[in-house]
1. Against the longest alpha carbon principal axis of the chain, how many degrees, from 0 to 90 and to the nearest 10, is the axis of helix 2-17 turned?
2. Could you give me the ³J(HN,Hα) list for the range 24-30, computed from phi with Karplus coefficients 6.51, -1.76, 1.60 and θ = phi - 60°, whole Hz, x at Gly and Pro?
3. Mind listing which trypsin sites (Lys or Arg not before Pro) in the range 44-117 are in a DSSP loop and have 16 or fewer other Cβ atoms within 10 Å?
4. Which whole-number percent is the relative contact order of the chain (Cα, under 8 Å, 6+ apart)?
5. Given the pairs LYS48/LYS119; LYS41/LYS111; LYS10/LYS55, which are separated by over 18 angstrom at their Cα positions?
6. Pick out, in residue order, every one of the GluC sites (Glu not before Pro) in the range 49-144 that is DSSP loop and has at most 12 other C-beta atoms within 10 Å; say none if there are none.
7. Please state the charge dipole magnitude for the range 2-132, taken about the Cα centre, from unit charges on C-beta atoms (+1 on K and R, -1 on D and E), reported in debye and rounded to the nearest 20.
8. Run the helix sum for the chain: -39,500 (n - 2.57) per DSSP H stretch of 4+ residues, divided by residue count, reported at 222 nm to the nearest 500 deg cm²/dmol.
Amino acid sequence: MNTINKLVFKFANSFDLKDWDGMESCLALQVDCDYTSLRGKKETLTAKEYVALRKATLERLQTQHLFSNLEIDVSDGGHQAACRCSALILRRRGEQIFNTHAVYEFCCVQKNQRWLISKIKQTVLWNEGNSEIHAGASNSQTTF
């Protein structure tokens, strides 16, 4: 399970460090993404498409993705894992902020002795600030 912890935390840190190669190394070739809670969209993307979209929407923002309360349930003879964690995503552009409090669910699969993220679901609990600074957010976001 320590390897899965490292995978999930490397994924989170790659956003903030703008380590796009590191992010891609965390992902399976195809990733099922459910961001309906933030941007109203479910889609299946290649790892390269996922990274390109994140790069485009986050390049002008300072971010910090804080993940905690990680729960891991390994199944399928140790080749699949369901993960859930709490997340606080801090975003800043100049003096404006847009922060998201969320729960993430990941499906991780083991391929060639490596764990990779194959599914991502983000459930927003609440947002704070100005959603207009984040191109990846829906305009209908509830903010405080």
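1. The answer is roughly 30 degrees.
2. Result, rounded to whole Hz: 4, 5, 8, 9, 5, 4, 10.
3. ARG60
4. Values: 305 pairs, mean separation 33.5, N = 144.
It comes to 23 percent, rounded to a whole number.
5. Where the Cα-Cα span goes over 18 Å, the pairs concerned are LYS41/LYS111.
6. In loop regions of the range 49-144 (DSSP not H, G, I, E or B), the sparsely surrounded GluC sites (Glu not before Pro) are GLU59, GLU95.
7. 200
8. -7500 deg cm²/dmol
No value in this document is a laboratory result; all are computed from the given coordinates. The structure presented is a predicted model; accordingly, all values stated were derived computationally and were not measured. Ideal geometry is used to build each Cβ from the backbone, glycine not excepted, and the neighbour counts take in all protein chains shown.
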